[in-house]
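A.B. asks: The structure's right below; bear with me while I get my questions together.
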Amino acid sequence: MRFLIIGLGVYGYNLATDLTAIGHEVIGADIKPSLVESIKDNISTAYIVDSTDEVALSVLPLKNVDIVIVAIGENFGASIKTVALLKKLHVPHIYARAMDELHYSILEGFNIDRILTPEQRAANDLVNELALGTRTESMQVNDGSYILKFSIPEYFIGMKISDVDFRKDYSLRLIAISRPVASRNLLGISHTELRPLPADDQNKFQSGDQIVCYGTRKALQDLFRNLS
């Protein structure tokens, strides 16, 4: 996939370099020359652009990327104006970072694809989600190892669980598989809960199944490359 990231501060920088590391093409843009200079050798292309200027913004390859991510954090006004201009320019898929509840509420009015809240979701989790095409949660165990939880990607749906060898194929240790099951609580109210699922020959992966696995960052990146 091709991504355009506008705003190359800490959040945008990590997002851009991590997406590049798992094989995606990333184009970056920022008004600060120092930030563009610091990342230009680590991604496909980087532009010095004032994204609040419609003419300058139009120079970027907005129609030639899959998703535009507005990662501007410190300048509330610049973030809002950039999103407004992207909508005016009919950019189809926009993600934007919100710094607080007011920022979030204003972005909601633009009806964009996704509002990102760094306090709730780290840049690494978003990278994993974009790579897998499914929601993910990750926890770093040490400098080299992670525990990752994600909904089953479409690639696996219909396959026998016993036929997927995560250790052999992806160098990942499978910890658990769970499946959403409709249930009722003590008050009789319907809800969905996750229940463990044994990896026997009768079970096949279904949409909504959750996987928890453990492995190195490289192993996770290899998994993402294979499933992207």
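A.B. asks: If you take the residues in region 72-98 that are part of a loop (DSSP other than H, G, I, E, B) and surrounded by fewer than 18 Cβ atoms within 10 Å (Cβ to Cβ), which one is modelled with the lowest pLDDT?
C.D. replies: So, considering only residues that are part of a loop (DSSP other than H, G, I, E, B) and surrounded by fewer than 18 Cβ atoms within 10 Å (Cβ to Cβ), the one modelled with the lowest pLDDT is GLU74.
A.B. asks: Please go through region 119-167 and give me each residue that is at pLDDT 70 or above and at positive phi, ordered by number.
C.D. replies: GLY158
A.B. asks: Continuing with the same structure: Run down LEU85, LEU8 and say which single residue is closer than 22 Å to GLN221 by Cβ and in contact with a Leu (Cβ under 6 Å, 6 or more places away or on another chain).
C.D. replies: LEU8
A.B. asks: In addition: Could you check region 10-47 and list, in sequence order, the residues that are assigned to a loop (DSSP other than H, G, I, E, B) and crowded, with 17+ Cβ neighbours inside 10 Å?
C.D. replies: Across region 10-47, the qualifying residues are ILE22, HIS24, ILE31, ILE43.
The values are calculated or read from the model by the stated rules, or taken from the named source; none is laboratory data. Predicted model only: the values in this text are computed from it and were never measured. Cβ atoms come from the backbone with ideal geometry, glycine included; neighbour counts cover every protein chain shown.
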